[in-house]
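Here the structure comes first, spelled out in structure tokens, and everything after it is commentary.
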Amino acid sequence: MPECVPGIHHVTAICADVQRTVDFYVGVLGLRFVKQTVNFDVPDTYHIYFGDRLGSPGTALTFFGWPHLPWRAAGGGQVGVVALAVPERSLGFWAARLRGLGVEASRGERLGAGFVGFEDPDRIRLELVGQASDERWNQWPDSPVAPEHQVRGFHAVSLAVVEEEPSAHFLEQTMGFREVGRDGGRVRFETGSGGPQAILDLVVDPAAGKGEEATGTVHHVAWRAVDDAHQLAWREVIAGTGRPVTPVIERKYFRSIYFREPGGVLFEIATDQPGFTVDEPAASLGSELQLPPQHEERRDSLKVNLPPIAVPATVGRGTGG
């Protein structure tokens with residue numbers, strides 16, 4: 001078996017209103033808007049990215065802007081909750097900040113860590129978990145949130161599944177995850193060295209209806225490959241199980257393979273390289289529409305058809321009040 005995937009690379013969800021999503025993730029959560037591009041497969045629609053200062057692997061939360069789809073709640077075979085990591089001391093700050101900005105939020109504790117739970121404008125379930133590592137985090141100095149409280153990247157993803165055994169067997173026997181805890185119908189797994197950004201929870205609900213691709217749902221979760229050879233080795237492993245897996249696909253900022261785990265959740269394994277500075281410098285990430293070479297000839301028409309994005313001014317830092 002190749003070396004385990006170290007953790008989460010990125011998570012991609014579907015939003016209805018791109019501007020509203022930018023306003024929330026920059027203006028409320030204090031993430032940096034690191035890339036505006038198009039969905040490479042559906043180029044008349046946006047693909048936008050948020051993260052730390054560089055959109056480092058393990059911090060990149062991305063969205064397809066697909067307003068043509070209806071809204072649906074997440075169901076079986078989908079990611080139910082995206083958990084982001086913050087310092088434990090920051091939970092009170094975040095509960096107050098969210099409520100002060102009109103976002104309904106609640107406090108809780110699970111498997112030894114406190115969290116603040118809430119929803120984004122498309123009712124995607126989010127949690128800020130008070131268990132963070134600065135290992136892969138690049139502070140964004142211009143965030144509206146002070147550095148001591150900023151989101152450090154992902155903590156975990158929760159997969160909603162109807163049955164535990166098929167997904168658990170695949171995670172452990174094929175991908176090398178290990179079970180590290182249980183809480184009711186929730187089973188926690190870790191990969192790599194464990195800890196924030198390397199956690200996956202299976203949330204088992206036999207009555208869950210099958211999830212549908214819609215606004216308000218997560219499209220896929222991507223796991224890190226440290227380089228191309230690591231990714232190809234994992235492609236060979238997945239293909240060897242008989243599960244359909246795509247060829248390597250060039251995504252400009254990383255290379256990707258896609259497959260579904262037995263519970264139905266779409267997985268990707270994405271390379272850490274080359275990153276988001278491949279087509280614009282770090283200082284101006286997200287400031288201009290970037291296109292892959294195959295769609296460059298359509299730039300003028302795409303700029304006409306895609307609504308302009310205004311990034312919120314990040315003047316001053318919120319205190320939570």
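The values are calculated or read from the model by the stated rules, or taken from the named source; none is laboratory data. Everything quoted here is computed from the prediction, not taken from an experiment. Cβ: placed from backbone, ideal geometry, glycine included. Neighbour counts: every protein chain shown.
The strands (runs of 3 or more DSSP E) found wholly in the range 94-206 and carrying at least 3 residues that are among the aliphatic types (A, V, I, L, M) and either over 17 Å from the mean Cα position of the chain (by Cα) or buried (at least 17 other Cβ atoms within 10 Å of the Cβ) (or both) occupy 125-130, 154-161, 199-204.
Hey, among the residues in the range 106-128 that are of a type outside the set (S, T, N, Q) and out of contact with any Asp or Glu (no Cβ under 9 Å at 6 or more places or on another chain), which one's farthest from Val157 (Cα to Cα)?
Within the range 106-128, the first condition is being of a type outside the set (S, T, N, Q), and the residues that meet it are 107-128.
Subsequent filtering for residues that are out of contact with any Asp or Glu (no Cβ under 9 Å at 6 or more places or on another chain) retains 107, 109, 112, 120, 123-124, 127-128.
On the way: Arg107: 18, Glu109: 16, Gly112: 17, Asp120: 16, Arg123: 16, Ile124: 12, Glu127: 10, Leu128: 12 Å.
Filtering the range 106-128 for residues that are of a type outside the set (S, T, N, Q) and out of contact with any Asp or Glu (no Cβ under 9 Å at 6 or more places or on another chain), the one farthest from Val157 (Cα to Cα) comes out as Arg107.
A search for C-beta distances below 8 Å between a residue of the range 236-256 that is assigned to a loop (DSSP other than H, G, I, E, B) and at pLDDT 95 or above and any residue that is hydrophobic (A, V, I, L, M, F, W, C) and surrounded by fewer than 15 Cβ atoms within 10 Å (Cβ to Cβ), counting only pairs 6+ apart in sequence or on different chains, returns Val245/Ala239; Lys252/Val278; Tyr253/Val278.
In the set (1) at positive phi; (2) at pLDDT 95 or above, the condition left unmet by Gly184 is number (2). Here is the figure for the range 169-188: residues that are without any contact (Cβ under 8 Å) to a residue 60 or more places away in the chain and within 17 Å of Val237 (Cβ to Cβ) total 3.
Residues are listed down the side, and each one gets a yes or a no for (1) modelled with pLDDT under 95; (2) under 27 Å from Val221 (Cα atoms):
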{"site": "Thr277", "(1), (2)": "no, yes"}
{"site": "Pro292", "(1), (2)": "yes, yes"}
{"site": "Arg298", "(1), (2)": "yes, no"}
{"site": "Val304", "(1), (2)": "yes, no"}
{"site": "Gly318", "(1), (2)": "yes, no"}
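Here Glu213 meets the list (1) surrounded by fewer than 20 Cβ atoms within 10 Å (Cβ to Cβ); (2) more than 17 Å from the chain's Cα centre (by Cα) almost entirely, failing just condition (2).
Yes or no, residue by residue, for (1) on the phi > 0 side of the Ramachandran plot; (2) surrounded by fewer than 24 Cβ atoms within 10 Å (Cβ to Cβ); (3) assigned to a strand (DSSP E or B):
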| site | (1), (2), (3) |
| --- | --- |
| His10 | no, no, yes |
| Arg53 | no, yes, no |
| Phe64 | no, yes, yes |
| Pro67 | no, yes, no |
| Ala73 | no, yes, no |
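Within the range 257-294, the residues that satisfy the criterion of being in a strand (DSSP E or B) and not charged (D, E, K, R) are Ile257, Tyr258, Phe259, Leu266, Phe267, Ile269, Ala270, Thr271, Leu289.
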